[in-house]
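Note sheet for the following structure.
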Amino acid sequence: MDRQTIYVTPKMSHHTKTLSERPNGYVGYCDCCARYNVSFNNSLFIFSNIEFAGFKKLLTERIGLNPFFTTHGKEVIAQTPMKNYYLVFSEAEIQQLLDMMIEASLIVETNQILMQTDCRSEDDN
């Protein structure tokens, strides 16, 4: 899963490293702009560290998620800050999205600990 995607915009290149991946999405992180890319089904969310943590908390604690049964299997609705724009999920989709975000968070935290350990080792030399 050590995949890296490079997005080129007129002003800069983005080196997004995939942290977690499932058949219907992925979570990646771009070091140059410090943003998480959370792609799920037909949506792409681009979050700062704080926004990523907030969205993960929203899903974990089900903040603002309400029952909404549809004929195509969606059971939960979340209102967005945009007028008349909602996100709809099945319970299984919420869990899949949350699993990817938790896995990505654990990888980032582990990398941060390893970097701190490496820095301390270099200071000891």
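The values are calculated or read from the model by the stated rules, or taken from the named source; none is laboratory data. Just so we're clear, the structure is a prediction, and the values are computed from it rather than from any experiment. Methodologically, a virtual Cβ is constructed for each residue, glycine included, from the backbone with ideal geometry; neighbour enumeration extends over all protein chains shown.
Tabulated results
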item: Residue ID - surrounded by the most Cβ atoms within 10 Å (Cβ to Cβ), chosen from residues in the stretch 17-50 that are of a type in the set (Lys, Arg) and either within 18 Å of GLU93 (Cβ to Cβ) or over 10 Å from the mean Cα position of the chain (by Cα) (or both); result: LYS17
item: Any hit, the stretch 40-56, residues being of a type in the set (Lys, Arg) and at pLDDT below 95; result: no
